[in-house]
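What follows is calculated from the coordinates using simple rules that are stated; it is not laboratory data. Since this is a predicted model, take the numbers as computed values, not measurements. With ideal geometry, Cβ positions are generated from the backbone for all residues, glycine too; neighbour counts draw on all protein chains shown.
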Amino acid sequence: MKTTVSGCPVSARFKDLFGADFIDDDFSFVKDSNNRTPKLITDAWHVLYTFDSDKKLKEFALNRLNFTDEQCTTFLKIRLKQDFASLSLKAINKILPYLREGLIYSHAVFLANMEETVPVHIWKNEENRKVIRTAIKEIIENHSDNTTIVNMVNGFITNARRENEVWSEEAKQLYFNDLDRKIKTTFGAKRFENFSEYKKTNLINTAQQLITEFMPKNLGKGEHVKVDRLDEAVLSFLADNFGKENLNAKKVISSLGN
């Protein structure tokens, strides 16, 4: 399936103006009056971040980049967000592949910085890199769904307390039926039906397991489920597979903003 840079109009417009190769390490060079060879992309990025008027930007695009009027119009539409604008092109090149895969910005940054989280000797191994990237992408993708299920179960427990309901084995199936309906409503009936059978079954089973485990606690009045943080899930995977002593835990936490 063809992918796009989801939610990243900046990179899309750079691609339109400079071609797909702008994200590679090998940029086109040009000679200036002092016989230096600055990178055009770097210059373009710099002026977009620093120039405060469209007039100056257009002059730069016409005279420095040799853009047509139509290209200038596209160039002037580029607006850099503060956090994205402050990145180096090297950092952007590392982040863009994950943005293309649909990850949100903070998660893309985290995966791009993974080489700073695990030791060099682990990251240098190609198979290790593949395992780490695949597993963490799956953890990130599943985390949102798992959090939704936990919050849903906690909502059931809160409502049961409000209604002075007490858990019983006889009422278990009623809870299961209500959970099934709530899951489909929360994710959207059509969207839920488009999930794989594995994913649908996993969501339902997770909800049922949580309500069965936590609702009987506190004398049948239920105990709220703790929502696992994303950094904890990632650290757990890395520690189990590569050893806790090898990890830069602070880097994981700071990268994920927890």
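Could you line up 117, 212 from fewest to most neighbouring Cβ atoms inside 10 Å?
So the residues, fewest neighbours to most, are 212, 117.
Label-to-label distance, residue 164 versus residue 55, with points set 7 angstrom from Cα along the beta-carbon direction: 7.5 nm. Taking the inverse of the mean 1/r over every pair of distinct Cα atoms in the range 129-213 gives a Kirkwood hydrodynamic radius of 14.1 Å. Ranked by how many other Cβ atoms sit within 10 Å of their own Cβ, fewest first, the residues 123, 167 fall in the order 123, 167. Full extension of the chain segment joining residue 129 with residue 148 gains 3.9 nm, where the gain is 0.36 nm per residue of separation less the Cα-Cα distance. Taken about its Cα centre, the range 113-258 carries a charge dipole of roughly 340 debye when the Cβ of each Lys and Arg holds +1 and the Cβ of each Asp and Glu holds -1. Once Rg and the Kirkwood radius are both taken over the C-alpha atoms of the range 113-258, their ratio Rg/Rh works out to 1.08. Normalised by residue count, the range 190-250 yields a Cα convex hull volume of 150 Å³ per residue. Note on 153, 47, 131: ascending count of other Cβ atoms within 10 Å places them as 131, 47, 153, the fewest first.
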